[in-house]
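Below is one structure, written out as structure tokens, with a few remarks after it.
Taken together, the values in this text are just the output of simple stated rules run on the coordinates, not laboratory data. Just so you know, these numbers come straight off a predicted model, no measurement behind them. Positions of Cβ are generated from backbone atoms using ideal geometry, with glycine treated the same way; all protein chains shown enter the neighbour counts.
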Amino acid sequence: MSNLWRGILRILHVLPKGIMWNVKNGMGTRFWEDVWLQDGPPLGELAENLPPEAANVKVVEMVLNGNWNLDYARLYLPEAVVMQLQLHPVPHASEADTPCWRLSSSVRFTVLSAYELTAEGEEESWQHPAWKAAWKVDGPQRVKPFFWLVLHNRLLSNAERRWRHFATADGCTVCGGRPETNSHVLRECSYARAVWAEVLSDEPDVFFNTSIDHWVMHYLSGQRKIIDSPLFEVTCWNLWKNRNNWVFEKQLASTQQLLNQVRALRRQIEQAGVMARKVLGAGLARNMELIGWKRSLSGWFCLNTDGSVTGGQVITAAGGVIRNDEGRFVKAFSTNLVGGSITHTEMVGIVIGLQLAWEEGCQKVLVQTDSAMAVQLLQEATPGHPHYVQVSAIRDLLAREWEVHVGHIFREGNVVADYLASVGHALPAGVHVFKNPSSMLSNWLYFDTLGIQTPRLVNS
Ligand SMILES: [Zn+2]
């Protein structure tokens, strides 16, 4: 086979994955098999026990009496995905659905982004500059998902869904004007304009006339100089928060009250920054890095393990999950243990996880533990060390006829194992193996599948 042909074959199977459907009448898009709800795997890959005949169900067929058939969706999808569905407008337009290439910023197909999909995986589509900027916001944690919603054009539908209980029109009930779009909420509404007028220094024409995507990107990433980055985020967040107060509590803060909230939150953020610098000291250079789980290279299974200790080393538990190189769930376990230090518990987690991977017939396994101490002990511990029993149990497993690499991962990338370890506390003694993920576990797996990253200060 020529290299070119090999290359084409390699890319061919990922092409459908690169297509995202813009649903209008919902008749040309398959609900489970096509990518349409979000920039991620098709819903069929997130579903459990989906009957094979469901494969060709169209999006429009999932509508019942003018609303999503959520009860049906809940039979197969984790709640996190059902929530996404609730936020998506029900198909209504008379126009046909349109495909677009989802990994490049332009909708045109490009060879480069198809290659990126094979080389790096879907999480790369989350490396959007504005998305990164949103995670770097020094503000409260909840501001970050808010910008995720803005960037995915979900605020409108969110508001619309909730507003059904209060109003039938899609108009803005604050100013009584135009349809309530993202752009209206954050920028065009007279309420928003009055606030921005106090906050902005100059260039209002550019500010109000670019498309909403460019607007968010430019100001969030600090590329435009007329407003500094925390002020922009904090103002957007407060506009949204106060609008919700209006919808749910029927209370609308005055422009002046909102500006006071903005200034107070900004002051908090600045003070937190000063504190952080004091604590860290001048000599220690630290960088903000985005940490998230990444699936293993082709042919390698990924085993994440974790230990959990509460009540002063009395109550301990461990857990772990095996996923394949596509990030798909293979097996998981939780176990309730009797006492021990955190390092002991982490190592027991690795032993159980490796045994499970061996029984599963995995030939190449990448072990990810958030215990740097465990990784170090595996390399260095000699007989007589208090943890030598676990160390030699792991070394015996590593010596079998397979390839295993044990590495360290920050907690932020180990959320699924962390969850499984915490579950262990509530279970009867013994190792509990899960062949299918519970709905709660599915939520955490989904979190990783999306490639969601969390900022962390690391030594540079
Ligand atoms: Zn308005």
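For the reader, a short list of remarks on this structure follows.
- Cα→Cβ-extended label distance, 7 Å offset, between E53 and Q363, nm: 3.9 nm
- Extension gain for F208-S190 works out to 5.3 nm (0.36 nm per residue, less the C-alpha to C-alpha distance).
- For the stretch 400-405, backbone phi angles converted through the Karplus equation (6.51, -1.76, 1.60; θ = phi - 60°) give residue-by-residue couplings of 5, 7, 7, 10, 10, 10 Hz, Gly and Pro being listed as x.
- Virtual spin-label span in nm between L297 and A96, 7 Å along Cα→Cβ: 4.4 nm
- FRET efficiency for the F434 to A197 pair, using the beta carbon distance and R₀ = 51 Å, is estimated at 0.40.
- Rounded if a/c under 1.5, otherwise prolate or oblate - the stretch 396-453, Cα gyration tensor axes: oblate
- Rough spin-label spacing in nm, given labels placed 7 Å along Cα→Cβ, for A264 and H385: 5.2 nm
- Amide H within-cut-off set for I315, under 5 Å, with H built and near neighbours excluded: T310
- For K331, residues with placed amide H under 5 Å, excluding near neighbours: I322
- For the stretch 387-399, 3J(HN,Hα) computed residue by residue from phi via the Karplus equation (6.51, -1.76, 1.60; θ = phi - 60°) reads 9, 5, 4, 5, 4, 6, 4, 5, 4, 4, 5, 5, 6 Hz, glycine and proline entered as x.
- In a fully extended conformation the segment linking D396 and Q376 would gain 5.6 nm over its present Cα-Cα distance, using 0.36 nm per residue.
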